[in-house]
Amino acid sequence: MSTRNKNNKGITLAVVGAGAGLLWLLWRGRGKGKPGDGERSSPSAAVTVWILSGDRLALGRSDGASVDLATVVALARAAGAADTHATGDARHGWVEQVNQALEAAGVKVSVAPPLRYGEPTPRDPVSRSRSSLL
């Protein structure tokens, strides 16, 4: 038996290789700026908030599912910025309340100007044939 255990090159190489593989797995994610590791290298996109009638809010599109104010504030705080769009039938006091809640949470708020009659909405882009006439 003593002659069998004298030459352990195979076991030594296997242990060193496994250790190198383990170190590679542990160190490969460092320096990539994963979310939650302090400052983010690139800010996430601003949250688009539609302020609707009946004191309702929608994210992304004006015909999307309604969400509550707390959800909007939490998502906008995580993103750091919010673009607010008020529909024509939204109550002015509700628009002000939403914008003030976002600002109080430390969110950078950009308010979209109201659309004039006949202007295309963001979900109804101008086609090439109409834009060539303008």
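The values are calculated or read from the model by the stated rules, or taken from the named source; none is laboratory data. Being a predicted model, the structure only gives us computed values, none of them experimental. Cβ: placed from backbone, ideal geometry, glycine included. Neighbour counts: every protein chain shown.
Just a few scattered comments:
- Qualifying position, being crowded, with 16+ Cβ neighbours inside 10 Å and either aliphatic (A, V, I, L, M) or at pLDDT 90 or above (or both), among Thr87, Thr48, Thr71: Thr48
- Answer from Glu103, Glu96 - the residue that is over 20 Å from Ala45 (Cβ atoms) and modelled with pLDDT of 90 or more: Glu96
- Taken together, the residues in segment 1-19 that are surrounded by 10 or more Cβ atoms within 10 Å (Cβ to Cβ) and either modelled with pLDDT under 85 or not small (Gly, Ala, Ser) (or both) amount to 7.
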